[in-house]
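Below is one structure, written out as structure tokens, with a few remarks after it.
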Amino acid sequence: MSLGKEFKKFIARGNVIDLAVGVVIGAAFGKITTSLAEGIIMPLIGWLFGDIDFSNKFIRLSEIPEGYEGSLSNYAELKEAGVQMIGYGDLITQVINFLLIAFAVFMLVRAANRAMDEMQELAGQTEDSSKSPDVPTDPQLDVLKKILAELKKEEGNAPADGAQRA
């Protein structure tokens with residue numbers, strides 16, 4: 001198989017498209033969660049616990065250059081002046097942001113899972129009620145359901161090597 005045909009086959013698979021959609025949605029969701037963390041959650045934490053600012057926490061490794069007139073406690077200014085430092089404050093800030101975002105995503109997924117469970121329970125109840133003899137059903141829908149069941153059965157019996165059956 002040529003490289004071009006193999007690539008087309010690869011792209012045509014649903015998994016690649018699903019992954020691409022996931023990446024795009026993830027990037028957009030990342031902006032939302034970053035905004036949530038920086039615009040809402042971190043100010044609330046600062047308000048509750050006092051103004052917590054880790055951005056200027058660092059260990060200075062080299063001497064301050066002669067002629068430097070900026071603040072000795074401002075990480076950004078010292079870095080711009082060429083002072084070698086270990087900026088552990090930014091790491092602490094990013095870890096806190098990650099934990100907050102991970103918790104927010106967890107709560108969102110938890111709510112979505114509960115909603116999906118409720119929808120499945122409701123679907124199960126409506127499926128049971130549609131099987132009762134006093135509720136009329138659509139014959140075309142019944143035929144489609146049978147076809148779907150047959151396709152699923154055939155899919156389950158497909159050979160493991162991916163070979164097509166005649």
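List of remarks:
- Positive-end residue of Met119, Ser35, Asn97, charge dipole of the chain with Cβ unit charges: Met119
- Protein accessible area in the chain, 1.4 Å probe - carbon and sulfur %: 63
- Net charge contributed by nearby residues that have their C-beta within less than 15 Å of Ser62 (K/R +1, D/E -1): -2
- Using C-alpha pairs under 8 Å with a sequence gap of at least 6, the mean separation divided by the residue count of the chain gives a relative contact order of 16 percent.
- From its DSSP helices (H runs of at least four residues, each -39,500 (n - 2.57)), the chain gives a residue-normalised ellipticity at 222 nm of -22000 deg cm²/dmol.
- The stretch between Val23 and Asp138 holds 37.4 nm of extra length on full extension. This uses 0.36 nm per residue minus the Cα-Cα distance.
- Take the Cβ atoms of Thr34 and Lys9, set R0 to 35 Å, and the FRET efficiency comes out at 0.40.
- Here the spin labels are modelled as points 7 Å beyond Cα on the Cα-Cβ line, and at Asp90 and Asp117 they lie 4.2 nm apart.
- Distant-in-sequence amide H partners of Met85 (H built 1.01 Å from N, under 5 Å): Leu61
- In whole angstrom, the chain maps to an equivalent ellipsoid with semi-axes of 57, 27, 11, each derived as √(5λ) from the alpha carbon gyration tensor and ordered largest first.
- A full extension of the chain between Ile59 and Val105 corresponds to an added length of 13.2 nm, given 0.36 nm per residue minus the alpha carbon distance.
The values are calculated or read from the model by the stated rules, or taken from the named source; none is laboratory data. Predicted, not measured: the structure shown is a model, and the values here were computed from it. Note that we place each Cβ from the backbone using ideal geometry, even for glycine, and neighbour counts take in every protein chain shown. The area values use the complete protein model at the heavy-atom level, side chains included, leaving out ligands, DNA and RNA. Shrake-Rupley method; radii C 1.70, N 1.55, O 1.52, S 1.80 Å.
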